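Okay, so here's the structure we're looking at.
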Amino acid sequence: MIMNKILDQLNRDLARTQGSNDRAELLAKMACALARIGNFDDAKSIIRDLRVNYGTGQNGRITVWIMLAEGLINHYGELNPLAFDRINRAFVLSVAINYREMAAIAAAWKAHIEFETSKYDAICQSLSSAIDYADESNDYAHVRICAVLANCFMISGNRPQSQKYFLRGREHALRIGDQPSLEALVYNRAAFGLAWMRAENCLGRGNRKDASLLQMELQSAQNLQELTGINALSNHIFLWQARFLVLQERFPEAIEALSAVRLRGPFAAYNFSQSFIDLELAYCNMRLGNKAEMLALSSKIDPAFSLGLDIDDRLVAGWIFYQLSCVSDAFGSSTARELELKDLSVEYEGAKARLARQFEVFASY
């Protein structure tokens, strides 16, 4: 059962609202809320109906909420790149009509998508716009700003600062009953914490305390997801749980979990590759001494699959390739793989330091 106070409040507002424009704006907000919890059919139905009377842009406020809803449907329902275009248009129009509330919300959502696609320079610009336009009472914008900042500081290795924005975002979400954002905050803390830990492990910097904390966070994310019934991108938690099993060296369970992930989706191309799953499966089989299974997987792996991934993922892939190459040259020359791993390690350290400098400007927000 979905516990979403925003939907409840919108339904109450609709019940006592008579004006057609006011009702249309509430319905567009409803479509946004439905998209956030994964109820895409109802969200699309609302937007189709609204476009009959408001499809020509005659009411700016309604138009920007429609655009935001379409962006969220594209992003959470289909991981469609068109999501950013719709949300960016909502931001531009909001600025043009001086609709500051939506300008802040749309800018914060722009930053969210830019973070997920690793456009870090653009993130800083969008976050600055969101903060500039967000009044103190705009909890919808502030919760999204805090969520992005929590993610940014997590991947740059600053867990205390990330926790600061996690708690602030949680406060804003609780104030307005934004259950999907609460779920996203908990999930992202676990997911990006694991992404950071996987990369640090390649440099020999993992520790039991961080692993124990991460295990609790992953479980909390799954529990909250099941409790709320939120279906937007819900399959990602299974991918991260499978990868945590690899990190824990629970290889038989990891093989089962990674194999099951193949049947789930959708996943974004910028953070998921079937070849990466094959590589991780090969590593698990190598560690279990299953050489035949390991070699069978080698032919399935596209050697260039990691080129489009973020540096932390490329570092993990490079580290696994090196481990496998030490057992079989089917995964490349161990000498060449070791040199690649050293280069990736240097690039990772440089990127992490650069991101820390970029995001530090927001530390006083």
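The values are calculated or read from the model by the stated rules, or taken from the named source; none is laboratory data. Source: prediction; values computed, not measured. Cβ: placed from backbone, ideal geometry, glycine included. Neighbour counts: every protein chain shown. Accessible surface is based on the protein model in full, side chains and every heavy atom, while ligands, DNA and RNA are left aside. Shrake-Rupley method; radii C 1.70, N 1.55, O 1.52, S 1.80 Å.
Put simply, when 140-150, 81-91 are sorted by average Cβ atoms within 10 angstrom per residue, most first, you get 140-150, 81-91.
Checked against a 30 Å cut-off, the cross-linked pairs K44/K110; K44/K164; K291/K342; K29/K119 give Cα-Cα distances beyond that limit for K44/K164.
K5 sits with roughly 140 Å² accessible to a 1.4 Å probe, with DNA, RNA and ligands left out of the calculation. A Förster radius of 56 Å combined with the Cβ-Cβ distance from Q248 to I97 puts the calculated FRET efficiency at roughly 0.60.
Evaluate E = 1/(1 + (r/R0)^6) for E256 and S299, where r is the Cβ-Cβ distance and R0 equals 30 Å; express this FRET efficiency to the nearest 0.05. Calculated transfer efficiency: 0.85. Nearest 10 degrees, 0 to 90: what angle lies between the long axis of helix 20-36 and the longest principal axis of the chain (Cα atoms)? The angle comes out near 10 degrees. Per residue, the accessible area of the chain comes to 45 Å², computed with a 1.4 Å probe over protein heavy atoms only. Estimated from helical segments only, the mean residue ellipticity of the chain at 222 nm is -24500 deg cm²/dmol, where each DSSP H run of four or more residues counts as -39500 (n - 2.57). Seen from every direction in turn and averaged, the convex hull around the alpha carbons of the stretch 111-245 projects onto 8.2 nm². With the simple spin-label model, which puts each label point 7 Å out from Cα in the Cβ direction, the E347 to D329 separation comes to 2.5 nm. Could you work out the relative contact order of the stretch 1-123? I mean the mean sequence separation of Cα pairs under 8 Å and 6+ apart, divided by the number of residues, in percent. Computed over the stretch 1-123, the figure is 18 percent. The region of the chain that goes longest without hitting one of the GluC sites (Glu not before Pro) in a DSSP loop, each with at most 14 other Cβ atoms within 10 Å, is 1-135. Take every pair of alpha-carbon atoms less than 8 Å apart whose residues are at least six positions apart; their mean separation over the length of the stretch 123-259 yields a relative contact order of 18 percent. Helix 236-247 axis versus longest C-alpha principal axis of the chain: approximately 20°, rounded to the nearest ten. Principal-axis analysis of the Cα atoms of the chain puts helix 5-15 at an angle of about 20° to the longest axis. Largest first, the residues T17, T56 sort by 1.4 Å accessible area into T56, T17. Using the empirical formula 2.2 N^0.38 Å as the baseline, the Cα radius of gyration of the stretch 14-75 reaches a ratio of 1.01.
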